[in-house]
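Here, each number is a calculation from the coordinates, and none is a lab measurement. Source: prediction; values computed, not measured. No Cβ is skipped: glycine too gets one built from the backbone with ideal geometry, and neighbour counts run over all protein chains shown.
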There are 2 protein chains.
Amino acid sequence: MPTAGTQIETMVTAFRERCRASGLALTHQRELIYRAIVSSKHHPSPELIFDEVRRQTPSISLATVYKNIHTFLEAGLLREVSPHHGSLRLEANLAEHHHLVCTRCKAIVDLDESELEPIHLSRKLRAGYQILRYTVEFQGLCPACTDALKTT
Amino acid sequence: MPTAGTQIETMVTAFRERCRASGLALTHQRELIYRAIVSSKHHPSPELIFDEVRRQTPSISLATVYKNIHTFLEAGLLREVSPHHGSLRLEANLAEHHHLVCTRCKAIVDLDESELEPIHLSRKLRAGYQILRYTVEFQGLCPACTDALKTT
DNA sequence: CACAGTTGGAGAATGATTCTCCTTTACGAA
DNA sequence: TTCGTAAAGGAGAATCATTCTCCAACTGTG
């Protein structure tokens, strides 16, 4: 069975290949940033990644971390945990319901609980966790953005 | 069948009662803010709410909108769409998986696709939408935060 | 109607993110 | 291996979202 260490190396190797394939220069900083994210068990913020990377290369700039995160997101090497961070989004609908989020225009449409069957967990979820509620987020393209991409 | 208009009035009436019950003063601004959120089909940001409310009361301050949003969230009158906005959170794990989010400390734990049964939509989802993927977000308290709240 | 405690307004302060501008580096070609 | 060019990095200013501070105005009670 592979250890966590070799698994990280596998991902870093794949990362190098994907950079080459995408025409992205393979810089020291880029590899450190990617490695910091892959090695993290949590889902780190740019600031945390910066703190981690700075331990090995104190001269790195926070702007470089941000720039590369966006580069990696565009290249599909990373994923954002939330499709709508950046600004607080609110709702007054307190009934159980789910969301359909357009990844392009960030519009959010509600889906009633009755529109999907209840979720069943195969096993007891993580010991010690108290689950209060769950929400399903469907990500995709809304009709307008589907059209817009076709035309372009 | 109730029209959208009367439904909004119903919610505003309930809002007034809940304010009274929670000891919150019923100000002109509060009602406008709540009404703007309830009336919105989308899931508005504070800035959008401000723009809307300002049309009726140009003297309102953006800080007031923010303050009241937080007041309403604490009173349970509103809900945040995303439990982890505020800072970009990233992951390199591109496999289908889900998230367990602690609402108190914002820690995110991955849940493998195999840990829950697939979701079935009862009907064809919204015409015209292209669904690319879905993620289930379980919200609750992690073991550490559960303990912390017991002790307090 | 007056009082006391909330709440609102304005603008400064803070934190996250992006931009600008100039220097340095990666990497294909010679 | 060296060179030239385009891509990338660093520093700090600029911008955007959000929060705070401080004082004036308002709500709800007596």
Fill in: Tensor-based shape of segment A:1-70 (alpha-carbon gyration tensor, a/c under 1.5 rounded, otherwise prolate or oblate)
oblate
Worksheet, complete the sentence: Given unit charges at Cβ for Lys, Arg (+) and Asp, Glu (-), the dipole magnitude of chain B about its Cα centre in debye, nearest 20, is 740 debye
Discussion item. Checking the cross-link filter: which aspartates and glutamates have an alpha carbon closer than 12 Å to that of residue A:41, excluding same-chain neighbours under 8 positions apart?
Written reply: B:91, B:110
Fill in: In Å, descending, principal axis extents of the Cα set of the protein assembly as shown
60, 58, 45
Worksheet entry | residue A:16/residue B:131 FRET efficiency (R0 35 Å; Cβ-Cβ; nearest 0.05) | 0.60
Response to the item:
Across A:41-47, the residue-averaged tally of Cβ atoms belonging to other chains within 10 Å stands at 6
Discussion item. Using helices alone, I'd like the mean residue ellipticity at 222 nm for the protein assembly as shown: each DSSP H run of four-plus residues gives -39500 (n - 2.57), total over residue count, nearest 500.
Written reply: -13500 deg cm²/dmol
Worksheet item: Around residue A:91, which amide H atoms from residues at least 5 apart in sequence, or from another chain, sit under 5 Å from its own amide H, with H modelled in the peptide plane?
Response: B:79, B:81
Item to complete: Can you quote the Å³ per residue value for the convex hull of the Cα atoms in segment A:45-87, rounded to an integer?
Response: 81 Å³
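Using the alpha carbons of chain A, what is the convex hull volume per residue in cubic angstrom, as a whole number?
Convex hull volume per residue, Cα atoms: 198 Å³.
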Item to complete: Grab the beta carbon distance between residue B:74 and residue A:27, set R0 = 30 Å, and tell me the FRET efficiency rounded to 0.05.
Response: 0.10
Worksheet entry | DSSP-assigned coil residues among GluC sites (Glu not before Pro) in segment B:52-152, each with at most 12 further Cβ atoms within 10 Å | B:96
Item to complete: List the distances, in nm to one decimal, from the label point of residue A:4 to the label points of the same position in every other copy, shortest first, placing each label point 7 Å from Cα along the Cα-to-Cβ direction.
Response: 5.0
Response to the item:
Within 10 Å of the Cβ of an average residue in A:59-65, the count of other chain Cβ atoms is 0
Worksheet item: Once Rh is set to the Kirkwood radius over Cα pairs, what Stokes-Einstein translational diffusion coefficient, in µm²/s, holds for segment B:45-134 at a temperature of 4 °C and a viscosity of 1.567 mPa s?
Response: 76 µm²/s
